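Just so it is clear, none of the values below were taken in a lab; they were calculated from the coordinates. None of these values were measured; they are calculated from a predicted model. Cβ atoms come from the backbone with ideal geometry, glycine included; neighbour counts cover every protein chain shown.
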Amino acid sequence: ICSSEEELERVCVLGHGSSGTVYKVREKKSSQVYALKIVHGNNDPEVCRQLFREMDILRRTTDSPYIVKCYGIEEKPWGDTGMVMEYMDLGTLDTLCKELGGTLSEEKVAHVARQVVNGLSYLHSHNIVHRDIKPANLLVNKNMDVKIGDFGVSRIMCPSLDACNSFVGTCAYMSPDRLDPGAYGGTYNGYAADIWSLGLTLLELFLGHFPLLQPGQRPDWASLMGAICLADDPSTLLPDSWSTVSDEFRSFIQCCLNKDSSKRWTALQLLSHPFLAN
Ligand code: ADP
């Protein structure tokens, strides 16, 4: 557990999120660098709920190398909360991918997939669903470690309530069973919905654009369901690039993007998929 905020010096702003600001900070006595997330206005009950959920999850996930670590939480008397996290010096995968020219090679996508599937397998085995897997919520450091971050809308599943159906997360990456439960067989299942979002995330990194929609098209419910309905096989989403990818990558994407949530592979099954083995 690291020191309180007085012992940290702010270096710069790393980014602004929906609930607050993230700073790069340095601990004065050790010169160790961290990311400090300051969430304002937790007098608002919804912000407060979201924050406590995130803190609760980060407290339970400290022993996985595939999840961004949280070292300490500090509540301020005037209503702000500070969360000291592991600093991921290359930022999020969406900005990194743009800086690298907009697309990642199949080999790099496999490297990302291997780590995110390990992270999801860890979360799911602890009954946690992330609910917002997308390139902007995957953080990278210069060792090319990829870690899952931003648990603002995540949820600890209660065994009797398997279908946590509240409509949170980023619409574009939502699975068909979440957008329209029952449409393709299989009921809404939070764990399987994370796997759908993973499939879209990997495709987006490989293609350089969001696979289901045209550039500029809004990710509203009707457009997404329309695109999912047309895509009888995910290969139709990739008319140009599909023929150039390996059988393993193609199969992996099909295992993630099965429209029937009950046939979609679990994170544990994906860990032994040949795409991740090599
Ligand atoms: P919110 O949950 O409020 O949307 P985020 O957690 O997404 O906020 O953080 C906002 C931005 O701060 C991110 O897009 C990223 O650029 C940066 N950031 C967040 N956490 C870290 C971290 N641990 N290391 C480095 N940068 C981070």
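Between the residues 20, 57, 97, the greatest Cα displacement towards the positive end of the dipole of segment 1-123, with unit charges on the Cβ of Lys, Arg, Asp and Glu, is found for 97.
Along its first, second and third principal axes, ordered by size, the chain spans 56, 40, 36 Å in Cα coordinates. Taking the average, over residues, of other Cβ atoms within 10 Å as the packing measure, peptides 144-155, 62-73 rank 144-155, 62-73 from highest down.
For the chain, the Cβ-based charge dipole about the Cα centre amounts to some 240 debye (Lys, Arg positive; Asp, Glu negative; other atoms uncharged). When shorter helices are ignored and each DSSP H run of at least 4 residues is given -39500 (n - 2.57), the per-residue value for the chain at 222 nm works out to -10000 deg cm²/dmol. Using a cut-off of 28 Å between Cα atoms, the listed pairs 28/98; 28/134; 29/76; 29/134 include 28/98; 28/134; 29/134 as exceeding that distance.
Please give the helix 221-230 orientation as an angle from the longest Cα principal axis of the chain, in degrees from 0 to 90, rounded to the nearest 10. Tilt relative to the chain: about 40 degrees. Packing-based ranking of 96-104, 82-90 yields 82-90, 96-104, ordered from highest to lowest mean Cβ neighbour count within 10 Å.
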